[in-house]
Amino acid sequence: MNPAAALAMPDAPDIAPESRMRAEAAEWIIRLGDEAVDDRTQADCAAWCARHPRHGQLLREMQQLWNAVTCDTPVPRPVRIKPRSRQVASVLGLLVLVPCLLLVARALPWRYWLADERTAVGEVRELRLADGSRLTLNSDSAVDIDMAGDKRRVRLRRGEIHVEVAKASTPFVVIGRDGSVRALGTRYAVRKEAQDTLVTVTESRVLVRPREASDKSVELVAGSQLRFDRQGITHAASSAPSTALAWQQGRLVFDDTPLPEVLRELARYRPGLLLGADEPALSELRFTGVLPTARSDEALALLAATLPLKVSRLSPWMVSVSAAKTAAR
């Protein structure tokens with residue numbers, strides 16, 4: 001929910017649930033961090049804080065957490081590497097080869113390396129296309145671009161892109177494994193995942209057309225998102241979080257999110273392997289807050305400072321996250 005919109009809702013309850021207030025506080029952190037923030041936005045934030053004492057407290061807490069991982073001051077409870085015996089160190093030394101081999105295997109798809117434009121893990125880059133459109137590639141993404149003649153096509157090979165479409169008579173289409181997403185307006189994002197494709201519209205409308213079910217095309221409006229695969233829509237349209245594309249500002253925002261999901265998202269921006277997302281003991285933990293995409297070590301330290309976690313660096317390219325053992329009573 002947009003915090004400004006919440007302020008304008010006369011029927012909204014005076015005391016929002018804690019999770020809702022935390023989500024709104026996270027949204028304000030994103031909005032206030034925008035270089036183009038204006039006086040109106042600051043005034044709206046002040047009004048939101050005045051609505052309830054907890055609002056201001058949560059905003060300050062969120063800001064302190066964010067500052068902890070975006071400035072040069074040490075973060076609380078930094079990740080520590082405990083000394084190990086020679087035998088264990090030797091075994092772990094051999095493990096260095098494992099992530100290296102996995103990284104090579106991950107990089108083998110020739111279409112990624114031959115793509116017109118691509119980003120490395122942890123890199124986010126903006127491109128201006130020949131027609132004036134702007135294309136932002138998220139971490140570890142690849143696209144082919146065809147703007148020849150009357151064509152305006154972007155083929156998503158890997159990862160996620162956000163498009164701000166310049167007005168023209170020729171349709172602008174993002175084509176992927178599962179189908180196409182045609183712009184009927186200006187701004188939208190397309191993310192290729194293992195099983196399906198996620199589309200998020202930030203302005204105007206798009207037409208989503210599954211590859212093998214063109215008769216199941218769906219028009220998606222601003223502020224909503226859906227998932228689809230080759231056969232059709234896998235998750236119907238729903239409201240998109242206003243912070244869904246905060247990665248463009250170098251931030252990831254979570255609202256009462258299961259920790260495994262947080263780790264999987266953070267891993268998209270971290271070179272090497274981040275282990276632990278499949279550990280059953282972590283599924284009970286949840287996180288609300290803001291993490292940086294470019295400084296994953298400090299993001300992990302922040303998670304360990306706010307949740308009962310143990311972060312172990314097994315090698316420069318392999319980090320493991322596990323549940324911290326509680327002291328016996």
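We did not get these values from a lab; they are worked out from the coordinates using the rules stated. Computed from a prediction, not measured in an experiment: that's the story for all the values here. When we count neighbours, we look across all protein chains shown, and the Cβ atoms used for this are built from the backbone with ideal geometry, even at glycine.
Here are the numbers for the structure shown:
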| read-out | value |
| --- | --- |
| Total formal charge among the other residues, if their Cβ is under 12 angstrom from that of Phe228, Lys/Arg +1 and Asp/Glu -1 | +3 |
| Extension gain from Asp297 to Gln42, taking 0.36 nm per residue of separation minus the Cα-Cα distance | 88.7 nm |
| Rounded if a/c under 1.5, otherwise prolate or oblate - the stretch 213-268, Cα gyration tensor axes | prolate |
| Packing-based ranking, highest mean first, of 211-219, 299-307 given that Cβ atoms within 10 Å are counted | 299-307, 211-219 |
| Distance (nanometres) between label positions extended 7 Å along Cα→Cβ at Lys325 and Gln195 | 3.5 nm |
| Calculated FRET efficiency for the pair Leu32/Ala148, C-beta based, R₀ 41 Å, to 0.05 | 0.45 |
| Neighbour-count order for Thr136, Thr293, fewest beta carbons within 10 angstrom listed first | Thr136, Thr293 |
| Extended-chain gain in nm, criterion 0.36 nm per residue less alpha-carbon gap, Lys167 and Arg211 | 13.3 nm |
| Radius, Kirkwood style, for the stretch 125-239 when every pair of distinct Cα atoms is counted (Å) | 13.8 Å |
| Two-site FRET efficiency, Thr234 against Ala281, from Cβ-Cβ distance with R₀ of 35 Å, rounded to 0.05 | 0.75 |
| Amide H within-cut-off set for Asp140, under 5 Å, with H built and near neighbours excluded | Thr119, Ala120, Val121, Gly122, Glu123 |
